[in-house]
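Below is one structure, written out as structure tokens; the observations come after it.
The values are calculated or read from the model by the stated rules, or taken from the named source; none is laboratory data. All values reported here derive from a predicted model rather than from experimental measurement. We place every Cβ from the backbone using ideal geometry, glycine too, and count neighbours over all the protein chains shown. These area figures cover heavy atoms from the full protein model, side chains too; ligands, DNA and RNA do not enter into them. Shrake-Rupley method; radii C 1.70, N 1.55, O 1.52, S 1.80 Å.
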Amino acid sequence: MNDDSPARGNELAAMGAGGLGLAGGVFSSIRAAQAEALSGAPPEVERLSVRVVTDSYHHQFEPSGKFGEAAVERYLRPPSSALPRTLQNEWGLSLHLASARGAETRQVLVDFGFTGATLNNNLDLLGIDPAQLDALLLSHGHYDHFGGMAGFLAAHGKELKPGLPFYLGGEECFCSRETGPVNAPSNFGALDRRAIAEAGLQVLFAERPSLFADHGFTTGYIPLVSFEKPAQHSRMKIGVRDGVGCAPEGLPAEKRDLTIVTDDFQHEHATCYNVKGKGLVIMTSCGHRGIVNSVRGAIKVAGISKVHAILGGFHLMPMPLEYVRSTVAALKEINPDYLIPMHCTGNTFYEVAKQELPGRVLLSSTGTRFTFGA
């Protein structure tokens, strides 16, 4: 089946109606519900701040300031009489989102980086209180995005709001994964069901466009509408073994009877906000489905053509120069006010985009906070 066919959309709708509410079924105490569907225009917020909690590097002396309409605040290690501490960097990504609509505020943690030690250290230094979180969200089922979750829940699970919503793109997020050569695979981990259950999280599947924390929305399933194809660097194993993995009955029909599948990232979704007077802010986290596909998917879901900012990993580091140039050209047509590449994007994109979109490409690093809107 073509994963972008109308039949695929109908299948997702049917699965969302009844077949995907198990998150492991009898193999786990986790029970999943469907996230609230986005119907009509997305909610509008007056302000959105995106704090990079974990990424690959930290620019200690990069200046803060106003770049056009966006405020950029860099992290500087505060003075201390104790032994000095600093932010830690690693291969992985985690973002803290703070939005405001009038007096109403929301905080969301998107992804958890590679290790709990790094995530917890950085949350502490950045002054982010887990008890204030209104939702957790996982962009896709790769270890460099969920590896820190178990350590985070072990340290802060008792502080979290009861029944804290945890949004993810479907049962595929729970699949065990491997990387490397087929004849010599490397374990790439699986989401820790027990840690999620013990923390009392409310698992919400968002295969379709969905609201989260009242302020934001996710794209749900991202169709392939551009030249981009899924960046396939992992394989997912079908089935639950010793309480770990994904239940076949929660997967698309063409995958249920298989034992291992090259990732096509049908479960990946982008995180989005509609900022008043500015347009869409779209966070791709990794963009395995393609950064252009992800942005166009968000535009179609929202019914809003104006894109204010695109942030996150664009998964272009392994791509050849001409592919990167084609990506920049397609993004230039979309005409965002800001591009903020992170994580797996690579320097080639950064340099090409700076030439093609001067003044719109902002340097990111661990600890940086970007604020959009009033």
Could you list all residues from region 338-351 that are open to solvent by 10 Å² or more (accessible area, probe 1.4 Å) and either of a type in the set (Ser, Thr, Tyr) or farther than 13 Å from residue 311 by Cα (or both)? 338, 346, 347, 348, 350, 351
Out of (1) open to solvent by less than 30 Å² (accessible area, probe 1.4 Å); (2) closer than 23 Å to residue 36 by Cβ; (3) in a helix (DSSP H, G or I), the odd one out for residue 222 is which? (3)
Return the residues of region 37-66 that are open to solvent by 70 Å² or more (accessible area, probe 1.4 Å) and in contact with a helix residue (DSSP H, G or I) (Cβ under 9 Å, 6 or more places away or on another chain); say none if nothing qualifies. 41
Taking region 31-85 on its own, how many of its residues are farther than 19 Å from residue 101 by Cβ and not hydrophobic (A, V, I, L, M, F, W, C)? 25
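Among the residues of region 249-274 satisfying the criterion of being β-branched (Val, Ile, Thr) and surrounded by fewer than 23 Cβ atoms within 10 Å (Cβ to Cβ), which is farthest from the chain's Cα centre (by Cα)?
To start, the set of residues in region 249-274 that are β-branched (Val, Ile, Thr) comprises 259-262, 271.
Those left that are additionally surrounded by fewer than 23 Cβ atoms within 10 Å (Cβ to Cβ): 259-262.
On the way: 259: 26, 260: 24, 261: 22, 262: 20 Å.
Per the stated criteria, the residue is 259.
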Could you tell me how many of the residues in region 268-281 are of a type outside the set (Phe, Trp, Tyr) and touching a Gly at 6+ places or on another chain (Cβ under 8 Å)? 9
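Just checking, which of 363, 311, 357, 331 is at pLDDT 95 or above, crowded, with 17+ Cβ neighbours inside 10 Å, among the hydrophobic types (A, V, I, L, M, F, W, C) and under 19 Å from residue 50 (Cα atoms)? Step through it out loud before you land on a result.
On the way: 363 fails: crowded, with 17+ Cβ neighbours inside 10 Å; 357 fails: under 19 Å from residue 50 (Cα atoms); 331 fails: under 19 Å from residue 50 (Cα atoms).
After applying the criteria, what remains is 311.
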Where in region 83-201 are there helices (runs of 4 or more DSSP H), lying fully within it, with 1 or more residues that are out of contact with any helix residue (DSSP H, G or I) (no Cβ under 9 Å at 6 or more places or on another chain)? 116-125, 143-146, 193-198
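Going through 73, 159, 69, 104 one at a time, which residue ends up being charged (D, E, K, R), open to solvent by 20 Å² or more (accessible area, probe 1.4 Å) and touching a Ser or Thr at 6+ places or on another chain (Cβ under 6 Å)? Before the answer, list the steps.
Numbers: 159 fails: touching a Ser or Thr at 6+ places or on another chain (Cβ under 6 Å); 69 fails: touching a Ser or Thr at 6+ places or on another chain (Cβ under 6 Å); 104 fails: touching a Ser or Thr at 6+ places or on another chain (Cβ under 6 Å).
Only one candidate passes the filter, namely 73.
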Against the conditions (1) modelled with pLDDT of 95 or more; (2) surrounded by fewer than 18 Cβ atoms within 10 Å (Cβ to Cβ), where does residue 110 fall short? Just the number, please. (2)
Could you please give the count of residues in region 225-248 that are under 27 Å from residue 293 (Cβ atoms) and open to solvent by less than 60 Å² (accessible area, probe 1.4 Å)? 10
